[in-house]
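Since every read-out is calculated from the coordinates, none of them should be taken as a lab result. Everything numeric in this text was worked out from a predicted model, so none of it was measured. With ideal geometry, Cβ positions are generated from the backbone for all residues, glycine too; neighbour counts draw on all protein chains shown.
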Amino acid sequence: MTYEIEIGRGKRARRAYTLDDIALIPAKRTRDPEDVNISWQIDAYHVETPIMGAPMDSTMSPETAIKLGKLGGIGVLDLEGLWTRYEDPTPIFEEIRSLPADASNTRLQQIYSEPIKRELISQRLAEIRDAGVVVAGKLSPQRTQKYWKDVVDAGVDIFVIRGTTVSAEHVSSKAQPLNLKRFIYELDVPVIVGGVATYTAALHLMRTGAAGVLVGFGGSAAHSTRRLLGIHAPMATAIADVAAARRDYLDESGGRYVHVIADGSVGRTGDLPKAIGCGADAVMLGAALARATDVPGGGWHWGSEAYHPELPRGHRAEVGTVGTLEEIMHGPSSRADGTVNFLGSLKRTMASTGYSELKDLQRVDMVVSPYSPE
């Protein structure tokens, strides 16, 4: 049953929920956390943990993508970021960390106006491939047609097409839009595409042949899309809606399963099991990994929205540091604020609710229980 709220006599709206608005309910059975399996499979790739590193310069370099891969996740490199614009971006990172707040957007626009270099796309992906981990790279829909061949020729394992919002039916009177269905059909590697936040939009993306869809709108904890565009997609409801589209597409397609990946709003350890409980197969972490002492941002976080040349919809945000990438993923933790040991938290939640597999956790009972996080 869907409940609508009357905004006024001429407009009604659905009630939607964020991950903070919901909570999981323990079941009658509990398990030992050591008996819990948190691995998942996407296409031919078995992944030890349901965590992908968001393709953002503050978190993912070739080195940290490799490190995350060896820790059991998948690091996605932004192929439009500093690593494909500059041969050595180290001094650029140092400058970004030291920028005054009132000048950060302007300087970011200038820094990211440097052209993308095809040879650096190949070089960075080759670095990751040589390390023996899953190679994942991201392009925006606007640049996919220009650079996709460089990405595929470099040996990418998973191709990510990520934007603020991505549809299967983009219409433009200025340029020939990317035909996602044809593009994915002709590509020899699995494609993950998003963001998307509604049942209908997700269903259309699944019909393009995508291996996975990213659920979310607006990028990261450092975005201001709601303030600038008036658009917002509460994550719990968005994941549940997209999971419903996956279920219906599974029937429609005769058994083709499309993975749902929550991209955004998973900032604390408790958000991870709640996202999976709503129907996600995995999550894409940005700000949570930006708090690592060994990622490029050094306690600062920003996404592509922050350096848009015409309408920045984000900012460089200080998130601080709490531990190494390994500690944020696997612990151990000496903090009780939900910033460290994401996977230990997930295992304990699954044990407390009685589930031994990630897919089973998607059936967990929930309550709507809004509160104000500290």
Exercise for review: Collect the residues in the range 51-67 that are under 15 Å from Ala287 (Cβ atoms) and assigned to a helix (DSSP H, G or I), keeping them in residue-number order.
Suggested key: Thr64
Revision key, fill the gap. How many residues of the range 318-374 are assigned to a strand (DSSP E or B) and not aliphatic (A, V, I, L, M)? The answer is 3
Check your understanding: How many of the residues making up the range 288-303 are buried (at least 24 other Cβ atoms within 10 Å of the Cβ) and either in contact with a helix residue (DSSP H, G or I) (Cβ under 6 Å, 6 or more places away or on another chain) or among the acidic types (Asp, Glu) (or both)?
Key -> 5
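Being surrounded by 14 or more Cβ atoms within 10 Å (Cβ to Cβ) and among the small types (Gly, Ala, Ser): is that true of Ser39 here? Step through it out loud before you land on a result.
Values: surrounded by 14 or more Cβ atoms within 10 Å (Cβ to Cβ): no; among the small types (Gly, Ala, Ser): yes.
No, not satisfied.
Take Val152 and decide whether it is surrounded by fewer than 19 Cβ atoms within 10 Å (Cβ to Cβ) and among the aliphatic types (A, V, I, L, M). I'd like the intermediate steps shown before the answer.
Numbers: surrounded by fewer than 19 Cβ atoms within 10 Å (Cβ to Cβ): yes; among the aliphatic types (A, V, I, L, M): yes.
Here the answer is yes, as Val152 does meet what is asked.
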Check your understanding: For the subset of the range 257-280 comprising residues that are touching a Leu at 6+ places or on another chain (Cβ under 7 Å) and assigned to a loop (DSSP other than H, G, I, E, B), which member is farthest from Gly75 (Cα to Cα)?
Key -> Tyr257
Check your understanding: If we scan the range 80-92, do we find a residue that is crowded, with 18+ Cβ neighbours inside 10 Å, among the basic types (Lys, Arg) and more than 30 Å from Gln41 (Cβ to Cβ)?
Key -> yes
Study note, to complete from the structure: Those residues of the range 322-345 which are polar (S, T, N, Q) and buried (at least 18 other Cβ atoms within 10 Å of the Cβ) amount to Ser333, Thr339, Asn341, Ser345
Practice item. All but one of (1) touching a residue at least 60 places away in the same chain (Cβ under 8 Å); (2) farther than 19 Å from Val196 by Cβ; (3) crowded, with 23+ Cβ neighbours inside 10 Å; (4) in contact with a Phe, Trp or Tyr (Cβ under 8 Å, 6 or more places away or on another chain) hold for Leu285, so report the exception by its number. Key: (2)
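Looking only at the range 43-82, how many residues end up being within 22 Å of Leu358 (Cβ to Cβ) and either free of Cβ contacts under 8 Å to residues at least 24 places away in the same chain or over 15 Å from the mean Cα position of the chain (by Cα) (or both)? Quick ask: steps written out before the conclusion?
Of the range 43-82, the ones within 22 Å of Leu358 (Cβ to Cβ) are 43-54, 68-76.
Narrowing the set further to residues that are either free of Cβ contacts under 8 Å to residues at least 24 places away in the same chain or over 15 Å from the mean Cα position of the chain (by Cα) (or both) leaves 43-48, 69-72.
Of the residues in the range 43-82, 10 are within 22 Å of Leu358 (Cβ to Cβ) and either free of Cβ contacts under 8 Å to residues at least 24 places away in the same chain or over 15 Å from the mean Cα position of the chain (by Cα) (or both).
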Check your understanding: Looking at this structure, is Gln109 within 22 Å of Gly75 (Cα to Cα) and either surrounded by 14 or more Cβ atoms within 10 Å (Cβ to Cβ) or not acidic (Asp, Glu) (or both)?
Key -> no
